[in-house]
Structures are given as C-alpha cells and as structure tokens.
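S.K.: Before anything else, here's the structure in question.
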Amino acid sequence: MENNDGKVRINKYLADKGLATRRGVDALIESGKVFVNGEKAVLGQKVGAEDKVEVRGSAPPATARRDVAYYKPKGYVTHSPTEN
C-alpha cells in the first residue's frame, strides 16, 4: 500500500518484483543481504522510486506457478462417487 509520499515497505517492493514472498524477503533482510542506497535494510523500512535497492549474495529462486485446466466430456462426473 502506497502512502501519500509514494513509498512502500521494502518487503512488498521486493515481493512485487518477484524476488520472494514477503516473509522470504523479511528473511533476506534479517540475514543482511538487502541494501538500500548502500546501507543495510531494516524490517519495515520504506523505499521510493529514488532509492537504489540491492540484494547481495544468492537469493532464493522465485517459485514458478503452473495452472492446469482440465476439460472433461459432457456427462463425466468427478465430484461424487457413482453408485454400482
């Protein structure tokens, strides 16, 4: 959520970039791998467009999401067992 000054919490900023989940970003901040304008980031810090945000070291890979659609033929029931 943006404030009137255009700044957002750093965990939301990095999560929106696809780096990790918000909690995953919090873990990176606590481990000292995230820097804002050359200084270590702190939990709850807010960043804006003018700030330079860096993640140093190896970051956990973002998990890929896969959606699967299944089209079943008419009359094919999958939601309840059939009676014999």
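S.K.: Provide D51, D67 ordered by accessible surface of protein heavy atoms (probe 1.4 Å), highest first. Before the final figure, lay out the partial values.
M.R.: Numbers: D51 30, D67 115 Å².
Accessible-area ranking of D51, D67, largest first: D67, D51.
S.K.: What list of ³J(HN,Hα) couplings, whole Hz, do you get for the stretch 13-27 from phi and the Karplus terms 6.51, -1.76, 1.60, once you set θ to phi - 60° and write x for glycine and proline?
M.R.: 4, 6, 5, 5, 6, x, 5, 6, 6, 4, 5, x, 5, 4, 5
The values are calculated or read from the model by the stated rules, or taken from the named source; none is laboratory data. Since the structure is predicted, the reported quantities are computational estimates derived from the model, not experimental observations. Only protein heavy atoms, including side chains, enter the accessible area calculation; ligands, DNA and RNA are left aside. Shrake-Rupley method; radii C 1.70, N 1.55, O 1.52, S 1.80 Å.
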